[in-house]
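Remarks on the structure that follows.
The values are calculated or read from the model by the stated rules, or taken from the named source; none is laboratory data. What you are looking at is a predicted structure, and each value in this text was computed from that prediction instead of being measured. Cβ atoms come from the backbone with ideal geometry, glycine included; neighbour counts cover every protein chain shown. Calculation scope for accessible area: heavy atoms of the full protein, side chains included, ligands and nucleic acids excluded. Shrake-Rupley method; radii C 1.70, N 1.55, O 1.52, S 1.80 Å.
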Amino acid sequence: MTTSIHITALDGIVNVNSLFTLAVFIGLAWNPSDPSNSLVTDPNCNPTTRMAENLVAFHVYSFASFLFSSLIALGLKQAMRLNIASSFHFSTRIDPVVYYVNKTALRFGMVISGLGSVCGCGFLMLALINVVQIKLGSFGCGASGHTYAAVVPLLILVPSALFIYVSLMLYAFTR
């Protein structure tokens, strides 16, 4: 048995994944090899082609992870709706929305969907690190203080948020 809370959680996963997928598409539309896109003036700090290749690869991995997560969440929602449609009855009073599904399958699907979102966020963070290196200079360059200033908060905030997300997700499944 599951409730509308699970449906709302699945809706949240799909909505967030949709926003991140939009960010991935915008990132893929950007041309990293255009020399006018970089703020680097020192030729020793110029980005390598490997950074541009990693940027595209991480965007594709991120897109695949978000799409995987969204499809699993939408499949779970559809399974719940099909189950209630087959046993739907009219009532004179207002009943809370309750779906009868296999609880183990629901939990497994939600964990897999959440892990897909976490992987997508990780790959998107790696793509953003490559964007910073292309725009502000590579890490190996001595004059790349702005690069570190942009990347360090990213490396602190995103994993912290993912840790909180995973912790809350696991807490919710133990209750």
State all residues of the range 145-167 that are within 16 Å of the chain's Cα centre (by Cα) and open to solvent by 90 Å² or more (accessible area, probe 1.4 Å); if no residue qualifies, say none. LEU157, PHE163, ILE164
Any hit, the range 54-63, residues being open to solvent by 80 Å² or more (accessible area, probe 1.4 Å), farther than 16 Å from ALA23 by Cβ and either outside any loop (DSSP other than H, G, I, E, B) or modelled with pLDDT of 90 or more (or both): no
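Inspect all residues belonging to the range 101-114 and state whether any of them is modelled with pLDDT under 75 and either in contact with a Ser or Thr (Cβ under 8 Å, 6 or more places away or on another chain) or open to solvent by 30 Å² or more (accessible area, probe 1.4 Å) (or both).
yes
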